[in-house]
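As structure tokens, the structure follows; a few thoughts come after it.
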Amino acid sequence: MKFYLGAHQPIWLTRVPDVPLLVSHRRLGHRRTLPRAVTEWALDSGGFTELQLHGRWQINAKDYVRAVRRYADEIGMLSLAAAQDWMCEQHILQRTGLTVHGHQRRTVDNFIRLRELAPELPWLPTLQGWTPSDYQRCVDLYEQAGIALAAEPLVGIGSVCRRQSSADVEHIVRTFAARQLNLHGFGIKITGLTRYATALTSSDSMAWSRRGRYVPGCGPSHRTESNCLHFALDWYQKIQTAVNPAESTPQPGRPRSRRETTGEPARPLLDRP
């Protein structure tokens, strides 16, 4: 399973040549100059924050395509780009005033529009819903629109990262993996990922940053580890060891983590303190 390390700082794209990164459009869209990537990376649309703050998407499909084309050209090495999907957590539904079905319809329509506008970009179709039957309905909407999800290189599973029940997420993931979909899990909890990573083609997480909020900073320049590259790489190495043991050996060219350079004992692998 390929694992994308969530990154707050776009400059990390220039510093970790063998660690796939996930960077949000919200961290890139305002920048006049962009870093040149030395590693493959995935673009998160920032949809959860967008809907939570505004109750709708404030950037239209054409402008989003323009931004993603710029990232692909100027940053390079873009392996997937999330569409402007609509998450289905209850408080997001309350914020938008729409139903799960309304969010699903908008998610599918947006993916179709983005692919029409820029078929050369690596758009990721994403399933949104809350119950297993919701997700199946989303599959049906894609198929009714002529999108054969089993033929897609990757299909996202959304609205899972903030769930309390890891068992519910596992059931959803295994259900659709059994239908020969190559799944990407958005922000799946690490405790769950260690159980069903084999059902996923890829996943991502920024859980290291939440954990780092409660860890004193390793130097005088920052109070906690919530934005520390070395702390993030330390955490990433633990995830690789847990879910991809054959790929866990550090490779040449990657900045070594603090644990590798100082011999500090490993911290616990936790989603949260």
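Read-outs throughout are calculated quantities, based only on the coordinates presented, and are distinct from any laboratory measurement. These numbers were taken from a predicted model, which means no experiment stands behind them. Counting neighbours? That spans all protein chains shown, and the Cβs are built from the backbone with ideal geometry, glycine included.
As a test, work out the antiparallel percent of DSSP beta bridges whose residues both lie in the chain, rounded to the nearest 5.
Of those bridges, close to 5 percent are antiparallel.
Taking θ = phi - 60°, what integer Hz values does the Karplus form 6.51 cos²θ - 1.76 cosθ + 1.60 yield along region 227-235, in sequence order, with x for Gly and Pro?
Using θ = phi - 60°, the values come out as 10, 8, 4, 5, 5, 4, 5, 4, 5 Hz.
Which ³J(HN,Hα) values, rounded to whole Hz and listed in residue order, are derived for region 208-214 from phi using the Karplus coefficients 6.51, -1.76 and 1.60 in 6.51 cos²θ - 1.76 cosθ + 1.60 with θ = phi - 60°, glycine and proline given as x?
4, 6, 4, 4, x, 4, 9
How far apart, in nanometres, would the label points at Asp18 and Arg32 be if each is projected 7 angstrom from Cα along the Cα-to-Cβ direction?
With each label point 7 Å from Cα toward Cβ, the separation is 3.8 nm.
Which of the following values of percent of Cα pairs over 23 Å apart was calculated from the structure shown: (1) 59; (2) 53; (3) 66?
Given (1) 59; (2) 53; (3) 66, the calculated one carries the label (2).
So what are the ³J(HN,Hα) numbers for region 80-94, from phi and the Karplus equation (6.51, -1.76, 1.60; θ = phi - 60°), rounded to whole Hz, Gly and Pro as x?
Along region 80-94, the couplings run 7, 10, 5, 6, 8, 7, 10, 5, 10, 4, 4, 6, 6, 4, 5 Hz.
In terms of modelled amide H atoms, which long-range or inter-chain residues lie less than 5 Å from the amide H of Thr126?
Gly156
What residues qualify as long-range amide H neighbours of Tyr4, i.e. H under 5 Å apart, gap of 5 or more or another chain, H built at 1.01 Å from N?
For Tyr4, the qualifying residues are Ser203, Asp204, Ser205.
If the chain between Ala148 and Lys2 were fully stretched, how many nm would it gain, using 0.36 nm times the residue separation less the Cα-Cα distance?
That works out to 50.3 nm of additional length.
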